[in-house]
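See structure below.
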Amino acid sequence: MRHIETPCIKVCSLDRMSGLCRGCGRNIDDIWRWSDLTAREHASIMTELPRRLAANSQTASAIERM
């Protein structure tokens, strides 16, 4: 069995508006298919996660200020 690196931090809660996990930033499709993705696909998603989390955080903050 091969080791598969994951961005999961065990804070598994999907944001209803964005569809992203509040812990790692993956969407349900990313999570569901993670073990079947190639190393290149993992790297692509991992590169995108900080932007997703930042955008999701900014949206949540804007909604709270309303």
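Among what's in region 30-44 and is closer than 15 Å to Gly19 by Cα and not charged (D, E, K, R), pick the residue that is surrounded by the fewest Cβ atoms within 10 Å (Cβ to Cβ). Working first, answer last.
Filtering region 30-44 down to residues closer than 15 Å to Gly19 by Cα leaves 30-32.
Filter once more, so that each one left must be not charged (D, E, K, R): 31-32.
Working: Ile31: 17, Trp32: 10.
Here the answer is Trp32.
Between a residue in region 20-43 that is aromatic (Phe, Trp, Tyr) and any residue that is surrounded by 12 or more Cβ atoms within 10 Å (Cβ to Cβ) and assigned to a loop (DSSP other than H, G, I, E, B), which pairs come within a Cβ distance under 7 Å, given they are 6 or more apart or on different chains?
Once the first residue is aromatic (Phe, Trp, Tyr) and sits in region 20-43, its partners that are surrounded by 12 or more Cβ atoms within 10 Å (Cβ to Cβ) and assigned to a loop (DSSP other than H, G, I, E, B) give Trp34/Thr6.
Within region 18-65, can you find the residues that are more than 16 Å from Cys8 (Cα to Cα) and in contact with a strand residue (DSSP E or B) (Cβ under 7 Å, 6 or more places away or on another chain)?
Asn56 - this is the single residue of region 18-65 that is more than 16 Å from Cys8 (Cα to Cα) and in contact with a strand residue (DSSP E or B) (Cβ under 7 Å, 6 or more places away or on another chain).
Only the coordinates and a few stated rules stand behind these numbers; no lab work does. Treat the numbers as computed from the prediction; the structure is a model and nothing was measured. Backbone-built Cβ (ideal geometry, glycine too); neighbour counts: all protein chains shown.
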